[in-house]
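Here the structure comes first, spelled out in C-alpha cells, and everything after it is commentary.
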Amino acid sequence: MPSGLRKAMLAVHLTVSVGWIGAVIVYLALGLTAVNSSDDATIRGMWAAMDSTGWYAIVPLALAALLTGVIMAVGTPWGLFRHYWVIISLVLTLIAVAVLLLHMPAVTATAELARTSSGDGLAALGGDLAHPAIGLVVLLVVEVLNVYKPRGTTRAGAVDRR
C-alpha cells in the first residue's frame, strides 16, 4: 500500500476505532442513568437513546473498525497472519462485533417495551450493562495490543522473514 494511502487508511481506522470506544462509553452512561433512575420519562429516554446509539453509532463504527483493521493488516508489512498481536486483535474484534450484533435486538426490544409500557414498573426494566462493560474492556485490550505490538511472529511471519 502506498505511503499516502496507508496514512489515510490509518487515520480512518483510528477515527472509527476510537469512535467505537467513545460510543460504548456513551452507551454505558445512558445505561447507568436508566438503571439508577426512578423517573419513567428518563428511563424511556435513556432506552430510546441507547437503541439509537447502538444502531446508528456503535454498530457502524464497529463494522468500519473491523473492515479498516483488516485492510490495514493486509495492506501493510504487519500482515493479517504474521504476528500474534494482529491475530489476537482480529479475533477479539470479531467476537466483539458478533456479541454486539447479537445483543442489539434485545436492546431494541427493551427500548420498545419502555416506549409502550405505561407508568409503573419501568424501573424494573433494569439494564444489561455487562455486555457493554465487557465490550469496552475488550476494545481497550485491542487498543493496547495495537499500540504496543508485542513481539512474536507466527509460522507465516517466520516464513516471510526468510
Residue ID - nearest to residue 134 (Cα to Cα), chosen from residues in the stretch 1-21 that are surrounded by fewer than 14 Cβ atoms within 10 Å (Cβ to Cβ) and of a type in the set (Gly, Ala, Ser): 11
Tabulated pairs, the stretch 44-69, first in contact (Cβ under 8 Å) with a residue 24 or more places away in the chain and closer than 17 Å to residue 127 by Cα, second assigned to a helix (DSSP H, G or I) and among the aromatic types (Phe, Trp, Tyr), C-beta under 6 angstrom, 6+ apart or interchain: 50/27; 53/27
Test: residue in the stretch 126-141 that is at pLDDT below 85, closer than 20 Å to residue 31 by Cβ and surrounded by fewer than 17 Cβ atoms within 10 Å (Cβ to Cβ): yes
Among residues of the stretch 76-103, those that are over 12 Å from the mean Cα position of the chain (by Cα) and either part of a strand (DSSP E or B) or among the hydrophobic types (A, V, I, L, M, F, W, C) (or both), counted: 11
Search result, residues across the stretch 63-86 that are in contact with a Phe, Trp or Tyr (Cβ under 9 Å, 6 or more places away or on another chain) and at pLDDT below 95: 72, 73, 78, 85, 86
Residue that is nearest to residue 62 (Cα to Cα) [pool: residues in the stretch 22-40 that are surrounded by 15 or more Cβ atoms within 10 Å (Cβ to Cβ) and polar (S, T, N, Q)]: 33
Test: residue 106 is among the small types (Gly, Ala, Ser), in a helix (DSSP H, G or I), out of contact with any Leu (no Cβ under 8 Å at 6 or more places or on another chain) and within 30 Å of residue 49 (Cβ to Cβ): yes
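The values are calculated or read from the model by the stated rules, or taken from the named source; none is laboratory data. Predicted model only: the values in this text are computed from it and were never measured. All Cβ positions, even for glycine, are placed from backbone atoms using ideal geometry, and neighbour counts span all protein chains on display.
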